[in-house]
Amino acid sequence: GLFMCVCMCVGNRDACLHAGFCASVPQPPTITHQSPKDYIIDPRENIIIHCEAKGKPHPSFSWTRNGTHFDVEKDSKVIMKPNSGTLVIDISGEKAEAYEGVYQCIARNEHGSALSNNIVIRQSRSPLWSKERIEPITVQRGMSLVLQCRPPAGLPPPIIFWMDNNFQRLPQNSRVSQALNGDLYFSNVLMDDNRNDYICYARFPHTQTIQQKQPITVNVLDTMNDTVLAAFLNGSDFWGDSPSGERAPTFMQPPGMHSTSMVLKGDTLQLECIADGLPTPDISWSKVNGDLPSGRFSFHSFQKTLKITEVTDADGGDYRCLARNRLGSNHHIITVVVRAAPFWISAPQNLILAPKESGMLTCRADGNPKPTVTWSVNGIPIENSHKDPSRKIENGNIILSDVQTGSSAVYQCNASNEYGYLLGNAFVSVLAEPPRVLTPPNHVYSVITNSRALLDCASFGSPLPKITWFKNGQSVVDGDLYIIHKNNTLEINVARPVHSGKYTCIASNSLGNKENHVYLEVKEPTRILRQPEYKVVQRNGMAEFECKVKHDPTLFPSMIWLKDNMELPDDSRFEVGSDSLTIHDVREDDEGNYTCIRNTTLDQDSASAMLTVVEATPTPPIIMEQPDPPRDLELTDQREHSVRLTWTPGDENNSPIQLFLIQYEDSLHEPGVWVNMTEVSGTSTTAHLELSPYVYYSFRVLALNEVGLSEPSAPSRQYRTNPAQPEVNPSDVEVIGTSPDSVTITWRVKHFDFCILMATLSLSPPFIKAQATNAAVTYSRQIPTVAPENVKVYVQNWTLAEVSWDAVPLSTVQGRLNGYKVSYWKLRSLHKQDPEPKKPQELIFQGNETEGLLFGLHPYSQYNLNIRAFNGKGDGPTSSNQIFETPEGVPGPPADLKVENLNLDSLIVKWAPPVEHNGHLTGYLLKYQPINTTDKLGPLKELLLAANETSITLDNLKHSTRYKFYLNAKTVKGAGPTVTEEGVTIMDEAPPVGRMFGSVNSSVEEDHAVISWEYSGPDRNVYVEYVVDNSKEPWKTEFVNGTRTYQIRGLKPGMSYRVRVVAKDHSDATVHSTEELLITVPAMTSKQVDIATQGWFIGLMCAIALLILVLLIVCFIKRNKGGKYPVKEKEDAHQDPEIQPMKEDDGTFGEYSDTEDHKPLKGSRTPSNGTVKKDDSDDSLVDYGEGGDGQFNEDGSFIGQYSGKKEKDTAEGNESSEAPSPVNAMNSFV
C-alpha cells in the first residue's frame, strides 16, 4: 500500500527530520537507542552493547573503551552489526572480565558527531559463601537475639530470606523479623525458638542462583538458678535480677538515640527500627514538625519499616520511631537527608536555522549538590574546538547568530555531580528550504453536526513557513468560530452545515509559497426516532422491537442488535428487518435486554428495551379504544408560504385509523387557540400545508377511528412565515362619533406587520378613508417590556444542548432589538450533592436569532435557563426558568490506583471511584499485561468488574514479573479515561488456591492426641489449633514443621476438645482450614494413677507374698521327698528363654536354698520388652503406662515399674539389676 509520513512542525523544524521526512534533507546524527549506563552482563551469554543512530547521510560508528579508541576490527570476538553501531561480543572460551570497562559510542557523518552515554559493562557475580564453622548460640528465654546473615557481596546485591531444613520460610511476626540487611532479629526469644535449622539463603537474581549459609543452631534455656546458669555460661552477665524478666524497649537497629539516612530524590526511602523488649514492643512512626507524605508512605515488616516512594525535597527532616510496651517506651530519631542526581529542567533541543538566522541552545539542569554543566561540539570540549565567530556562550547557553551554510554540528551538554550525570545531544542544522505542505491535497474531512472539526496543514521549510487559512477565498481569522493551533491545524469547535466548503492553507517563507486545498463536509447526525419499547410477551407469542432511524442521506447506517450486550443467538426465530427485530415463538430464555445500534462511518446511536416473558393466558376479548396520539412531528420542504408536515402514527388500539386532523396555533396573534387546518387519510403520514404570511405556526395532529379522536400530539417546533404586502383592504369599518370634533373608527384586518385596530381622530377636515399599509417602525430609548416566550431546550448529548424561543414583539422592544441573552447554570449533579451551585454562564445571540447551542455542559446534571431581550438601553424582563437535565456521559478516571504485593504469584489492585461519575457507574474495565526487562509488553488480559468493587486480587501470575495495569470506569455511555500503574510480584511462594485440605484423622490416648491430615499446599505456615469444647477460651495454636501428623500433648483426661488444622498467610490470616474434629480424652482417675499408695492394693500384695511363702515351703518339702510338684510341670509346659533353667541333673531349683531367701527369684524377671504378654494377663497394669524406665516417682512410689518402656531392647531386659516388682513376681507364677 501507499504509506506517507506526516509530521507536524511545532515551533521548530526538526520535528519533520525526526519523523524521517524527505530523504533529500540533510540531518546531523541523532542517537536513537543505546544500552543503559550501568549494564550488568551474564557471563553465560554474549555481550550486546546497543548503539543505534539516524542521520542523512546515514552515520558511521566508532567506539571508545576506558577513554581510548576501541579497534573493533582487530578483535575477532567482536562484531559490529551492519548499518548500526551495536557491538556483539562472543565470550565463549573467554573470560567475561576481559571485556569489562567503560564504553562510549560515536555516530558521525559530514554534519557532525553524536555521543552515547558512558556505558559501564560489569559482569554479574554470585560468589559462594565462605566456609565457616558456626558455633551453636545459647540464649536464655526472654532475651533478644540477632542471627547474622552477612551474604557474600554479589552483583547485583542478593535477595535474602530465611528458611529451615525443609525449605519452608521461617515464620515472622512482630517479635521475629528480617531486617533490611538480611539479619534475623528476635525482640525476645521463646522456648519454641529452640531449633538447629536457621538457614540464611541469598538469591542472586541476575544469574538465578541461590547460595546457602551453614545452618545456625539456637539453644534456648529456660529459667534456672544463678549458680547453674553462671557455671553453664561461664559467668555471662544478664539484665536485671532475672535474665528472662520483663523490660522496657531498647533499640537493636539502629542503635542509640539518633542516626542519619541519605536518599536520592525520586528514589524509595526505607527507614527501619527494631526494638528489644519483653513483652514485644509495638512500633509507630511519625515525622517531627510535619506529616508523613499522603499517598506515598506505607509500613512493612510489622510496622518496623517505613517506606516512602518517589522521595521529594520536602521528605527531608527528622523521623521518630517509637517503641512501646506496658513497661515503658523509647524513641529513636532518624535524620533524612535528600540529595539529587542531576535532572533536566530544560534539555538541549535540536535547532534548525536558515542562513543568516540566529538561535540559542539551552541546557538547564538541577540537582543536589548543584551539577556542573559543560559543553562539547562533535564530542570535543568546546574550549578545545575550532573557533566559530557566530557562536558564544552566555550564562551556560550557546548563542548562535548570523549562521552560515556548512556550520551544522552536534552539541553535547554534560551535567554532573557526585551522584550521576546527564548527557544531552542537540544538533544545529543550517538549511535553506522552500515551503512544503505535507498534508495530502484535496483531502475530504467529514464530521457530524455539532462536533469538532480539525483541518490539518502540516508543513516544512527553512525559514519556518507562515501559514494562512482561507475558506472559499475569504481569509479565516483566529477567533470564536475558528481556532488556529500552534501546529497550524484549523479547528472548528462546533461544526455546522454552514461551515462546509473548500479550505485553503498557504505556507510562505522567504524562498517561496505553497498552497493546499482540503474540503469539509458537515453531516446530519444519526438519530433513532422510533426506539424499541418495553415488551411483556406471553410464551410462544411474538415480540417485535422497532428501531427507526433518521440519518444523513450520504451516510448509510448499519444495524446491529444485541441481547444482554451479546450477539443475538444463532436461531431462525430471530428475524432482523430493515428497521425492526422480530422474535417468533418466544421462550423463557429469550427474556433480557435488547439493544439496537445504528452505526455510520462517523457516528452511531443506540437504544434498549427489556423483554419480559410470561405464561400464556386465555386470549382476552378485543377491546377497541381511541387511537394513541401521533408522535415525532417533523417539518421538511420548508418554503416561503408552504411546509411539509410528517408524523408517526400511534397505536390504533384495535380499530383502524380513518383520518388525521391537522391543527395549528398562531402564537403571535392568537396564542393558545388551536384552529383546524386540514384532514388527510388515515393511511397517510405526511401533508403539504399552505401557509399565510406573518404567522408563527405550531402544528399538532389528532387521529380518528371508530371510537373517536385521539389526544393531540405534542406540538411541532415553531415555523414562522415572513411579513408580506397585504392582500385585502380592512373590513368591517365603523365610525362612531364621540364628540362634536372627533370620531372613533374601528376595522378588521388580516395578518399585517403593524395595524391600528381603533383610533380617535379630530375632524378637520371631516373626511375619512381607510387603506391597508405596512406601517413604519418607530424607536424609543426604553428597555424591552416583554420577556421571550415558548422557551424550549433540546438536549443533544451530555455536553451540548440546543435552545429556542419566540421572538418578542417588536412593539415591546421600545427601540432597536440588539439580541437576546441566554443565562444558564448548573443546579446540581444528578449523582451527588454539589457543595454549592455553579455561577451562571451567559451567551449573547445577536439580532433576530431565536435559537442557539449551549456548550460545555456537565454530564448527568440539572440546569436552569432563562432568556431576556436587550436593546441599547438595557435588558428586558427575564423569561420563566426552564429546568433541563443532561444525560449520562462517560465517567472520569478512577482515583488513587495502587498495586500491592501479596506473595509470589498474586497482586492486589486497589482504586477509588472517579471524582466525576457523570452518571451511574456500571463497572470497571481492568486490563493487565506483563512487561519484560526491555519494556516489551506481553499478552493483554481484560476483566469486567462490578461498580461497587474497589479492589481485586489477581492470582496465578508469574513470579518476579512486572505487570502493567490499565483501569477505566464505565457508565452506560462507555468507558472513561484510562489510568495506569505497574506492580511486581515478589520473590516468595504463592498461597494455595482451591481446597487444600483433605481428610483428617485422630487417635487419642490418656493425655495426648495424634492428628493426621491430607494437604496439597505448601507446608509453611500450617498450624494445629484446639480448644476445650463448649468453652470461651481462645484457640491454642501450635506450629507444624513440615509434617502431615502432629501430637498434641498435655490434654486433660475426660475432657472433649475441638481440633482443626489451618494454613495461614504472612499476615497470620487463615486462608485454608479443615473442618473441626471433636475428640474426647479417656478418663483416668487419680486412684488408678497412684495405685501403689492404695490400702487395698497393699493388702493384696501382702496376701500374695504370704501365698508365695506357703508355696515355697511346700516345694521345699516335696523336693526333699524327691517328688514332682505342679510348678515344675508348668515350667516344663511353658518354657521361657529368659527364665534361667533349673539344674538338669536332678530337676530341682538348684540355686534355691534357705540361705538365699533374700535374693530375687530367677524366674521373676519381666519379659525383655518390659511388658506383660496379653496371653498372660488381659488386664495388666503395664498397659496403663507410657514407657517408664523403672525409676521411682517423686512421691517415692514405684509406679514406674508398671509402665516399663515397650521398646526397651533385649539387652536392657537381661541386664536389669533392679529389684523385682510385685507385678513381675506375679508374672513368674502365672
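Here, each number is a calculation from the coordinates, and none is a lab measurement. It should be emphasised that the depicted structure is a prediction, and the values quoted were computed from it without experimental measurement. Every residue, glycine among them, receives a Cβ derived from its backbone with ideal geometry; neighbour counts consider all protein chains shown.
Summary of values
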{"item": "In the stretch 515-571, trypsin sites (Lys or Arg not before Pro) in a DSSP loop with at most 16 other beta-carbon atoms within 10 Å", "result": "539"}
{"item": "Cα-Cα pairs of the stretch 404-486 separated by more than 21 Å (percent)", "result": "57"}
{"item": "Prolate/oblate/rounded call for the stretch 343-471, Cα gyration tensor, a/c under 1.5 rounded", "result": "oblate"}
{"item": "Ordering of 553-559, 663-669 by burial proxy (mean other Cβ atoms within 10 Å per residue, highest first)", "result": "663-669, 553-559"}
{"item": "Cα centroid separation - the stretch 275-313 against the stretch 641-678, whole Å", "result": "77"}
{"item": "Unit charges at the beta carbon, dipole of the stretch 496-612: most positive-side option, 528, 500, 601", "result": "500"}
{"item": "Inverse of mean 1/r across different Cα pairs in the stretch 521-578, Kirkwood, Å", "result": "13.8"}
{"item": "Quotient of C-alpha Rg and 2.2 N^0.38 Å, computed over the stretch 593-701", "result": "1.47"}
{"item": "Cα-Cα pairs of the stretch 518-656 separated by more than 22 Å (percent)", "result": "52"}
{"item": "Prolate/oblate/rounded call for the stretch 417-554, Cα gyration tensor, a/c under 1.5 rounded", "result": "oblate"}
{"item": "Coarse-grained scattering of the stretch 241-380 at q = 0.11 Å⁻¹, given as base-10 log I(q)/I(0) from a Debye sum over alpha-carbon atoms", "result": "-0.57"}
{"item": "Rounded FRET efficiency, nearest 0.05, which uses the C-beta distance separating residue 943 from residue 137 and R0 of 60 Å", "result": "0.75"}
{"item": "Residue 1113 paired with residue 75, simple spin-label distance in nm, labels 7 Å along Cα-to-beta-carbon", "result": "11.2"}
{"item": "Scattering curve values for the stretch 267-320, log₁₀ I(q)/I(0), Debye with Cα scatterers, q = 0.20, 0.23, 0.27, 0.29 Å⁻¹", "result": "-0.72, -0.90, -1.16, -1.29"}
{"item": "Residue 1078/residue 536 FRET efficiency (R0 60 Å; Cβ-Cβ; nearest 0.05)", "result": "0.60"}
{"item": "Zero-based 5 Å bins, Cα pair distances in the stretch 794-882, whole percents", "result": "3, 13, 24, 22, 16, 10, 7, 4, 1, 0"}
{"item": "Cα gyration tensor category, rounded, prolate or oblate, for the stretch 24-73 with a/c compared to 1.5", "result": "prolate"}
{"item": "For the stretch 362-430, diffusion coefficient by Stokes-Einstein and Kirkwood Rh (Cα), 37 °C, 0.692 mPa s, µm²/s", "result": "255"}
{"item": "If the convex hull is drawn through the Cα atoms of the stretch 313-376, its volume per residue in Å³", "result": "105"}
{"item": "Unit charges on C-beta of K, R, D, E only; dipole of the stretch 250-409, Debye", "result": "180"}
{"item": "FRET efficiency estimate (nearest 0.05) - Cβ-Cβ, residue 559 to residue 362, R0 51 angstrom", "result": "0.30"}
